[in-house]
1. How many residues, within the range 17-48, are in a loop (DSSP other than H, G, I, E, B), surrounded by 12 or more Cβ atoms within 10 Å (Cβ to Cβ) and out of contact with any helix residue (DSSP H, G or I) (no Cβ under 8 Å at 6 or more places or on another chain)?
2. Under 9 Å between Cβ atoms, which residue pairs at least 6 apart in sequence (or on different chains) link something in the range 27-40 that is without any contact (Cβ under 8 Å) to a residue 12 or more places away in the chain with a partner that is among the acidic types (Asp, Glu) and surrounded by 15 or more Cβ atoms within 10 Å (Cβ to Cβ)?
3. Here are Asp41, Asp46: which of them is at pLDDT below 85, on the phi < 0 side of the Ramachandran plot and of a type outside the set (A, V, I, L, M, F, W, C)?
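The values are calculated or read from the model by the stated rules, or taken from the named source; none is laboratory data. Quick caveat, the model's predicted, so the values are computed rather than measured. Cβ: placed from backbone, ideal geometry, glycine included. Neighbour counts: every protein chain shown.
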Amino acid sequence: MPAAWPSPQPAGGANARMVRAWLDWQLKGCHEKEKIFLNSDLTNYDGFTIQHKNFH
């Protein structure tokens with residue numbers, strides 16, 4: 001499972017957007033959001049990094 005490490009933000013902020021992107025990908029099958037986690041496409045997510053370990 002990929003892990004996203006956010007910088008701390010009050011009231012969710014980008015953290016909430018990242019969680020929503022994960023849920024959209026996993027629960028709705030949104031392939032656009034898949035790119036964030038599998039291709040580390042963090043264009044709209046400043047302060048985040050994606051790390052993969054045995055995840056395909």
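1. The first filter runs over the range 17-48 and keeps only residues in a loop (DSSP other than H, G, I, E, B), leaving 29-30, 39-48.
Those still in the list that are surrounded by 12 or more Cβ atoms within 10 Å (Cβ to Cβ) too: 30, 40-42, 45, 47-48.
This time we only want the ones that are out of contact with any helix residue (DSSP H, G or I) (no Cβ under 8 Å at 6 or more places or on another chain), so: 40.
Result for the range 17-48: 1.
2. The qualifying pairs are Cys30/Asp24; Glu32/Asp24.
3. On the way: Asp41 fails: at pLDDT below 85.
Of the residues listed, the single one that is at pLDDT below 85, on the phi < 0 side of the Ramachandran plot and of a type outside the set (A, V, I, L, M, F, W, C) is Asp46.
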